[in-house]
Amino acid sequence: DMAAVGIETYSKLLNEEIQKQQGEAVEETDEGPLFELSVSAYLPDDYMPVESERVLMYKRVLSASAPELLKIKEELIDRCGPLPAPATLLLDTAALRLIAKERGISEVHEEPEGILMYFRSTFKLPEATFQKLVAAPQTEIQLIPGTPPGARVFFKPNEDGLNALGRFMRWAFPK
């Protein structure tokens with residue numbers, strides 16, 4: 001059941017099984033960061049009733065670029081009507097995952113007090129971002145030295161993991 005394993009794991013397992021059934025070698029992919037966040041991001045059954053269509057849409061969302069996500073959003077609205085909250089969260093999460101990948105983040109885990117993220121070991125933090133992390137109040141953000149390096153971002157009141165990650169990204173990597 002997809003809800004039990006999470007969309008990313010479900011998609012990966014589905015892709016591997018398809019490759020095995022077709023007699024192909026299971027390929028290693030350059031996937032986006034692992035997100036372990038408490039977020040209800042999915043396509044509800046009553047919004048897209050046919051399970052096979054939902055599975056295909058999940059695969060498209062997971063492999064989409066930012067412009068493709070916008071097209072998928074328009075397509076969903078055209079086909080199924082206004083996006084319900086969980087579907088909006090699905091697309092928002094996918095978009096943030098793309099940005100996190102660009103910024104060198106390999107993992108994001110939600111903890112009771114905030115989020116814990118790790119950067120790819122091959123990623124070099126921009127000097128300005130590193131200086132911001134070092135100078136940040138320890139009550140808000142903690143730099144985690146090591147290989148790979150990481151950061152812990154503490155929640156603001158009534159904030160969830162997705163919003164904490166978005167806030168960190170805007171702060172640490174301003175345009």
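The values are calculated or read from the model by the stated rules, or taken from the named source; none is laboratory data. The structure presented is a predicted model; accordingly, all values stated were derived computationally and were not measured. Neighbour counts are summed over all protein chains in view; Cβ atoms, including those assigned to glycine, are modelled from backbone coordinates with ideal geometry. The accessibility values were calculated without ligands, DNA or RNA, using every heavy atom of the protein model including side chains. Shrake-Rupley method; radii C 1.70, N 1.55, O 1.52, S 1.80 Å.
In the set 106, 121, which member is of a type outside the set (Val, Ile, Thr), under 22 Å from residue 37 (Cα atoms) and modelled with pLDDT of 90 or more?
Numbers: 121 fails: modelled with pLDDT of 90 or more.
Within the list 106, 121, the selection yields 106.
What pairs can you find where one residue is in the range 119-139 and under 21 Å from residue 107 (Cβ atoms), the other is surrounded by 10 or more Cβ atoms within 10 Å (Cβ to Cβ) and of a type in the set (Phe, Trp, Tyr), and their Cβ atoms are less than 7 Å apart, with a gap of 6+ or different chains?
Once the first residue is under 21 Å from residue 107 (Cβ atoms) and sits in the range 119-139, its partners that are surrounded by 10 or more Cβ atoms within 10 Å (Cβ to Cβ) and of a type in the set (Phe, Trp, Tyr) give 125/119; 129/173.
Looking at the structure I just gave you, is residue 58 closer than 18 Å to residue 89 by Cβ, open to solvent by less than 60 Å² (accessible area, probe 1.4 Å) and at pLDDT 85 or above?
Working: closer than 18 Å to residue 89 by Cβ: yes; open to solvent by less than 60 Å² (accessible area, probe 1.4 Å): yes; at pLDDT 85 or above: yes.
It is true that residue 58 is closer than 18 Å to residue 89 by Cβ, open to solvent by less than 60 Å² (accessible area, probe 1.4 Å) and at pLDDT 85 or above.
Name the single residue, out of those in the range 28-85 being of a type in the set (S, T, N, Q) and in a loop (DSSP other than H, G, I, E, B), that is nearest to residue 162 (Cα to Cα). Give the derivation first.
Just the residues of the range 28-85 that are of a type in the set (S, T, N, Q), to begin with: 29, 38, 40, 52, 63, 65.
Add one more test, that the residue is in a loop (DSSP other than H, G, I, E, B), and what stays is 29, 38, 40, 65.
Details: 29: 24, 38: 8, 40: 11, 65: 19 Å.
Per the criteria, the residue is 38.
Can you name the condition, by its number, that residue 13 falls short on among (1) at pLDDT below 90; (2) under 22 Å from residue 161 (Cα atoms); (3) outside any loop (DSSP other than H, G, I, E, B); (4) not small (Gly, Ala, Ser)?
(2)
Of 76, 91, which residue is buried (at least 17 other Cβ atoms within 10 Å of the Cβ), within 30 Å of residue 149 (Cα to Cα) and either among the β-branched types (Val, Ile, Thr) or modelled with pLDDT of 90 or more (or both)? Working first, answer last.
Working: 76 fails: within 30 Å of residue 149 (Cα to Cα).
Selected residue: 91, the only one of 76, 91 that is buried (at least 17 other Cβ atoms within 10 Å of the Cβ), within 30 Å of residue 149 (Cα to Cα) and either among the β-branched types (Val, Ile, Thr) or modelled with pLDDT of 90 or more (or both).
Keeping to the range 143-155, report how many residues are part of a strand (DSSP E or B), buried (at least 16 other Cβ atoms within 10 Å of the Cβ) and not basic (Lys, Arg).
Filtering the range 143-155 for residues part of a strand (DSSP E or B) gives 143-144, 150-154.
Now narrow it down to the ones that are buried (at least 16 other Cβ atoms within 10 Å of the Cβ): 143, 150-154.
Still in the list and also not basic (Lys, Arg): 143, 150-151, 153-154.
The qualifying residues number 5.
Residue under question is residue 51, and the condition is that it be surrounded by fewer than 13 Cβ atoms within 10 Å (Cβ to Cβ), more than 30 Å from residue 149 (Cβ to Cβ) and either modelled with pLDDT of 85 or more or of a type in the set (Phe, Trp, Tyr) (or both); does it hold? Break it down stepwise before answering.
Values: surrounded by fewer than 13 Cβ atoms within 10 Å (Cβ to Cβ): yes; more than 30 Å from residue 149 (Cβ to Cβ): yes; either modelled with pLDDT of 85 or more or of a type in the set (Phe, Trp, Tyr) (or both): yes.
Taking the combined requirement at face value, the residue satisfies it.
For the range 108-142, give me each residue that is closer than 30 Å to residue 86 by Cα and not in a strand (DSSP E or B). Spell out the reasoning first.
Filtering the range 108-142 for residues closer than 30 Å to residue 86 by Cα gives 108-120, 140-141.
Answer for the range 108-142, where residues must be closer than 30 Å to residue 86 by Cα and not in a strand (DSSP E or B): 111, 112, 113, 120, 140.
A quick yes/no check of all residues on (1) among the basic types (Lys, Arg); (2) within 28 Å of residue 63 (Cβ to Cβ); (3) open to solvent by less than 70 Å² (accessible area, probe 1.4 Å):
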site: 101; (1), (2), (3): yes, yes, yes
site: 105; (1), (2), (3): no, yes, yes
site: 116; (1), (2), (3): no, yes, yes
site: 131; (1), (2), (3): no, no, no
site: 134; (1), (2), (3): no, no, no
site: 141; (1), (2), (3): no, no, yes
